[in-house]
Ligand SMILES: [Mn+2]
């Protein structure tokens, strides 16, 4: 249970800042109403938008050069759920958690579900891990897993994924996310054709064992930990695999899994056109898979991506399933919980800005090739400060008007260090 910040404390904070908030909100609300927007609907859409928090983002991340202690990290799955509950209490925007197996194997699924439910948290996706060896496994993944040349290794990796689904089923999750580290470091090391065929065959085997209410997401990444090639290096490979694997298999876009300057928003549009955008991992980056705070480096790109998402959802309506939204970030110098609060805010802000885009006007400008007007329409939405709208939606979801402020005023990290210890390290990292 999140006992670090109580509901009354959030209420106290909101009472203290209601006056300030109302001035800003009413001003914005009046302006948007004058411009023809349905403000109640905007706030409602923001209230409904929920983002999953991955269990592995709650502790200190690190790089291959080292990891720095944050203190008070969650020591087990229960405490990870507590941290997500705390984030949800403050933000009203993250009612689910994603797990990584075997880092988060539930010892007692019913007790875990109960614990999560008492905090209004559900389980979103389960993620398999064949990028590192576990002590108990027979074969090594050093040279690959689902794409390995040895059938015995592939079978072991397939079995692991099936196991992950079983854990997911027990927790009432319904998404399996597969990301493979498989690839090669040197030219000639692997046969591209064979490794792709092996991967497809392995994914199909996992898919055949998937319960009917489960979907499967295939995540791509151009490099790292392999540096010459990865088997699923881009959206094209991921889409091919998803299409050949089955109806309930989709591509997953992780923002950091692109080479610099890739037009990610266009990829989003393309995948939606095929009805194959199944999931989203949010983070930000300067060069590679930096896993930095969402919106910290390229907020305009984030907005453009959301614009395509909103446009796609609007165009395809019920034919398009809403992607599974998740933050996938890592923290080396920030308090992970503060970092996640910043990421949640950035995601919802980009979403709100995208909701503001006047689609009919934009389409009209595009039809007559009015390039200047098209840009103006997008940037008008992007440059409108919608933070009061977010605060209003948060408050209506019983969250805090200003979550970071509450977090700091109540010295949450010190409390967590007091409860869990300075050297507590999140399991799995
Ligand atoms: Mn990811």
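A few remarks follow.
- Computed from the Cβ-Cβ distance with R0 of 56 Å, the FRET efficiency linking residue 38 to residue 170 stands at 0.85.
- FRET efficiency estimate (nearest 0.05) - Cβ-Cβ, residue 316 to residue 213, R0 30 angstrom: 0.85
- Across the stretch 318-366, counting alpha-carbon atoms alone, Rg and Dmax equal 15.8, 46 Å.
- Kirkwood hydrodynamic radius of the stretch 170-308, from the reciprocal of the average inverse Cα-Cα distance over all distinct pairs: 15.7 Å.
- Taking a quarter of the surface of the Cα convex hull of the stretch 89-202 gives a mean projected area of 8.7 nm².
- Dimensions of the chain based on its C-alpha atoms, expressed as ranges along the principal axes with the largest first, amount to 65, 62, 41 Å.
- Cα pair distances of the stretch 1-93 binned at 10 Å [whole percent]: 13, 29, 29, 20, 9, 1
- The rule of thumb for compact globular proteins, 2.2 N^0.38 Å, goes into the C-alpha radius of gyration of the stretch 384-429 1.62 times.
- Taking the stretch 152-196 and a reference point 7 angstrom along Cα→Cβ of residue 138, the backbone N atoms nearer than 20 Å belong to 152-166.
- At the listed q of 0.12, 0.18 Å⁻¹, the Debye profile of the stretch 280-382, built from one uniform point per Cα, gives log10 I(q)/I(0) equal to -0.47, -0.89.
- Beyond 21 Å, the tail of the calculated P(r) for the stretch 63-142 holds 41 percent of the Cα pairs.
- Overall Cα dimensions of the stretch 193-243 - principal axes, largest extent first, Å: 36, 19, 18
- Added length on full extension, which subtracts the Cα-Cα distance from 0.36 nm per residue, residue 384 to residue 227: 52.4 nm
- The stretch 201-281: Cα Rg divided by the 2.2 N^0.38 Å rule of thumb: 1.09
- Sites residue 131 and residue 410 - FRET efficiency at Förster radius 30 Å, r taken between beta-carbons, to 0.05: 0.20
- Dividing the summed helix terms, -39500 (n - 2.57) for each DSSP H run of n ≥ 4, by the number of residues in the chain produces a 222 nm estimate of -15500 deg cm²/dmol to the nearest 500.
Rule-based calculations on the coordinates, nothing more; no lab input. As the structure is a prediction and not an experimental result, all values here were calculated from the model. All Cβ positions, even for glycine, are placed from backbone atoms using ideal geometry, and neighbour counts span all protein chains on display.
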